[in-house]
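Right, one structure below, let's go through it.
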């Protein structure tokens, strides 16, 4: 018998035996249980007196909490306030509102997914992963939850997991341009990690619109967040220590640290503004000659940002 089936049968017989030994059943019902146990033992050739591996069945059954209409209505108000905070880059306030929504209605996957987006913005990627997984449990076909899961994994440099998450996101939302961009970046980072030595002849030119990149308000905001992150401080401290070490010893580690910092920065750029990232990437590939954009230097206001940017779900 298949091992999983064996464990299931063992667990079921064990449960029935516990019920049989309890005090809540009358004589007639206990006799029925005895017959049921004997039938299972005979059918699956199990020795009821010597049951093998088993699991507790009742803890595996998760019931959704009952939520009133009033709670659902109030939770939606909290979500809306959270979305407004996200648009204003008030991420901690957004987290508070999404948490209130979850407390009122823990059956809604959107609330967990929105809070994951806010956690990502303040670099609490572990918390974001937890919330994305909760959202996926509630709605296994929720493409946005997989997309945000991929972002969190990318930020932690868990690129293979990020790749799987982006691919799943595209399975459920195949026309989402942001997921396609993030998937491409993850693939490029994996390839770069596999081949860390690049010949000098392959060096890319710095794009002509580098000043636009540096003055992009989203990038400035993202850079401020990175500079305030303790993990980034630790990375830079390691870089300085490696650079000051003995010649030929610290430099490889220093280079690796610089690469990691650059990859983290690139991923943050993608998360903040995938469209702008694509323009810069195309400009680099064409040696700074431009990509044919009708207005490549247009300001990056809210009307030009991708509709799926993490500012909360509708």
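The values are calculated or read from the model by the stated rules, or taken from the named source; none is laboratory data. These numbers come from a predicted model, not from an experiment. So basically every Cβ, Gly included, is an ideal-geometry build from the backbone, and we count neighbours across all protein chains shown.
Go through (1) within 15 Å of residue 154 (Cα to Cα); (2) crowded, with 24+ Cβ neighbours inside 10 Å; (3) without any contact (Cβ under 8 Å) to a residue 40 or more places away in the chain for residue 117 and report which single condition fails.
(3)
Residue 82 is checked against (1) touching a residue at least 40 places away in the same chain (Cβ under 8 Å); (2) closer than 20 Å to residue 150 by Cβ and fails just one. What number does that condition carry?
Result: residue 82 passes all but (2).
Does residue 175 meet the test of being farther than 22 Å from residue 64 by Cβ, surrounded by fewer than 19 Cβ atoms within 10 Å (Cβ to Cβ) and assigned by TED's automatic domain parsing to the domain that holds residue 89?
yes
Considering only the stretch 54-75, I want to know if a residue exists there that is surrounded by 13 or more Cβ atoms within 10 Å (Cβ to Cβ) and out of contact with any helix residue (DSSP H, G or I) (no Cβ under 8 Å at 6 or more places or on another chain).
no
Conditions first: (1) in the same structural domain as residue 129 (by TED's automatic domain parsing); (2) in a helix (DSSP H, G or I); (3) touching a residue at least 40 places away in the same chain (Cβ under 8 Å). Residue 7 passes all but one, so which condition is the exception?
In the conditions (1) in the same structural domain as residue 129 (by TED's automatic domain parsing); (2) in a helix (DSSP H, G or I); (3) touching a residue at least 40 places away in the same chain (Cβ under 8 Å), residue 7 misses (1) alone.
Only one residue in 59, 65 is assigned to a helix (DSSP H, G or I) and farther than 19 Å from residue 130 by Cα. Which one?
After ruling out the rest, the residue left standing is 59.
Can you name the residue in the stretch 121-169 that is part of a loop (DSSP other than H, G, I, E, B) and in contact (Cβ under 8 Å) with a residue 40 or more places away in the chain and, of all such residues, is surrounded by the fewest Cβ atoms within 10 Å (Cβ to Cβ)?
Taking the candidates together, the pick is 157.
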